[in-house]
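So the structure is just underneath, and the comments pick up after that.
The values are calculated or read from the model by the stated rules, or taken from the named source; none is laboratory data. In this text the structure is predicted, and so the values were computed from the model without any measurement. Reconstructed Cβ throughout: ideal geometry from the backbone, glycine too, with neighbour counts over all protein chains shown. Note: areas computed on protein heavy atoms with side chains; ligands, DNA, RNA excluded. Shrake-Rupley method; radii C 1.70, N 1.55, O 1.52, S 1.80 Å.
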Amino acid sequence: MSVIDQIFEKAKSNPQKVVFPEALNEKMMQAAFEAGSEGYIYPILVGNKAEIEQAIQERGYDLSVFTVVDMEDEEYRKRLIEKYIALPDTRLKEKALNRRMQDKLQFAMVMQAVGDADVTFAGIDYTTGDVLLAGQMIIGLKPGIATISSIGLCDIPGYEGSEGSLLAIGDSAVCTNPNAQQLASIAISACDTVKSLLDWQPRCACVSYSTLGSGQGELIDKVTEAVKIANELRPDLAIDGEFQLDAAISPSVAAKKVKRESKVAGKANVVIWPDLNVGNVAVKLIQQFGHADAYGPMLQGFKKVVCDCSRGAPVSELKGNIVISAVRAAGEK
């Protein structure tokens, strides 16, 4: 059974409520319908109820699969606002929140924040920037996390790592040039993500062009400082480095290069890049030359699971990412 098949099975055993603010988008509605009708999620469509129900009927879908939430329902809006402003650490007052909730994306995220949904899924009509900004304002960051980032999961033919052909990598999509504090946050978030999604015990390597001082310079200093910060913030996690990539994932190379005890060296199942230049090039190399299937990028760092999808994604990819996001949400509860 492939990794994606395993994730789909986990989703079916514990379906989550996924809210779609881009309900009228044809691809999004189809992906939501397929994931819902097959029992992986409970899809919630947000917007103008009459328009949404008409589109469902015209497109031949079963209305009973969906929950349709009408943004014009003043009683429900008032109830959402009351519950949201009663949350600890909320920064928005009633008037400002009511204004923001005229927007479907932020309305959906308020639903998620108060527990009426488990995941917000968007990104076809809204930009990545829209999703990130709304998520930071409405959902907020997890305690101790300094930045939003992303993680991907690669299934690499012929690779024999500590988790078989699978390797989690980040950040390859969001955080351009993280400082040490942000890099530590990326490592911590990545560990939490793979644990919730795959039930792994994460072994996270922060990589660079140096292994434990074999090179010198500020690029390396950032990585070593990030490891120190991450270990102070989350001593329960196995986060180590700085390692070159081969020392991180190859036991034979680690035996030669890493002359101290390490829970990670040679058997990392999570690799953290030092910046987006490295991350973007690395994931393209893995895909082009390693012929890997890459799942993601999955946003991480928010208090709850927020998903930004690719605008050009086909329905099958949207459906896969919807299911992945639901499994993450279940694992983080």
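Once the Cα atoms are used to define both axes, helix 218-233 deviates from the longest principal axis of the chain by about 60 degrees.
Taking amide H as placed 1.01 Å from N in the peptide plane, the amide H of Ala23 sits under 5 Å from that of Val46, each at least 5 places away or on another chain.
When both region 256-293 and region 99-126 are represented by their alpha-carbon centers, they are found 34 Å apart.
Relative contact order of the chain: what whole-number percent is it, with Cα pairs under 8 angstrom and at least 6 residues apart? Present the calculation step by step, with values, prior to reporting the outcome.
Values: 660 pairs, mean separation 76.5, N = 333.
Result for the chain is 23 percent.
Only Cα sites of region 175-333 enter the Debye sum here, all with the same form factor; the resulting log10 I(q)/I(0) across q = 0.14, 0.15 1/Å is -0.74, -0.84, listed in q order.
Computed from backbone phi, the HN-Hα couplings of region 54-69 come to 5, 5, 4, 5, 5, 8, x, 8, 7, 4, 5, 5, 9, 9, 10, 9 Hz, rounded to whole numbers (Karplus: 6.51 cos²θ - 1.76 cosθ + 1.60, θ = phi - 60°; Gly and Pro given as x).
As an exercise, identify the trypsin sites (Lys or Arg not before Pro) in region 24-124 lying in DSSP coil whose Cβ has no more than 14 other Cβ atoms within 10 Å.
Working: sites: Lys27, Lys49, Arg59, Arg77, Lys78, Arg79, Lys83, Arg91, Lys93, Lys95, Arg99, Arg100, Lys104; in loops: Arg59, Arg91, Lys93.
Of the trypsin sites (Lys or Arg not before Pro), the ones in loops of region 24-124 whose Cβ has at most 14 other Cβ atoms within 10 Å are Arg59, Arg91, Lys93.
Each Cα pair under 8 Å and six or more residues apart adds its sequence gap; the mean of these over the residue count of region 201-269 is a relative contact order of 40 percent.
Near Asp62, within a Cβ-to-Cβ distance under 15 Å, what is the net charge of the other residues, with Lys and Arg +1 and Asp and Glu -1? Net charge around Asp62: -3. Computed from backbone phi, the HN-Hα couplings of region 305-322 come to 6, 10, 10, 10, 9, 7, 4, x, 5, x, 4, 4, 5, 4, 4, x, 6, 4 Hz, rounded to whole numbers (Karplus: 6.51 cos²θ - 1.76 cosθ + 1.60, θ = phi - 60°; Gly and Pro given as x).
Centroid-to-centroid, using Cα positions, region 173-242 and region 306-333 are 25 Å apart. Under 5 Å from the amide H of Gly161 lie the amide H atoms of Leu166, each residue being 5 or more positions distant or on a separate chain, with H modelled from the backbone and absent for Pro and chain starts.
For the set Lys142/Lys259; Lys27/Lys49; Lys222/Lys333; Lys104/Lys333; Lys257/Lys304, the pairs lying more than 27 angstrom apart at their alpha carbons are Lys142/Lys259; Lys222/Lys333; Lys257/Lys304.
Karplus-derived 3J(HN,Hα) values for region 93-101, using 6.51 cos²θ - 1.76 cosθ + 1.60 with θ = phi - 60°, are 8, 4, 5, 5, 5, 4, 5, 5, 6 Hz; glycine and proline are entered as x. For the chain, the longest principal axis of the C-alpha atoms and the axis of helix 26-37 are separated by about 90°. Once backbone amide H atoms are built at 1.01 Å from N, Tyr42 has Gln16, Lys17, Val18 as its partners under 5 Å, excluding neighbours fewer than 5 places away on the same chain.
Roughly how many percent of the accessible protein surface of the chain is carbon and sulfur, given a 1.4 Å probe and a whole-percent answer?
Values: 7320 of 14850 Å².
Ligands and nucleic acids excluded, carbon and sulfur give 49 percent.
The residues neighbouring Met71, those whose beta-carbon lies less than 14 Å from its own, together hold a net charge of -3 under the Lys/Arg +1, Asp/Glu -1 convention.
Per residue, how many Å² of accessible area does the chain show with a 1.4 Å probe?
Working: 14850 Å² over 333 residues.
In whole numbers, the chain has 45 Å² accessible per residue.
For region 1-45, the fraction of C-alpha pairs farther apart than 17 angstrom is 34 percent. Among the GluC sites (Glu not before Pro) within region 1-102, those in coil by DSSP and having at most 16 neighbouring Cβ atoms inside 10 Å are Glu38, Glu72.
With the contact rule set at Cα under 8 Å and sequence spacing of 6 or more, what percent relative contact order holds for region 81-167? The partial results should precede the final answer.
Values: 59 pairs, mean separation 15.6, N = 87.
Reported as a whole number, the value is 18 percent.
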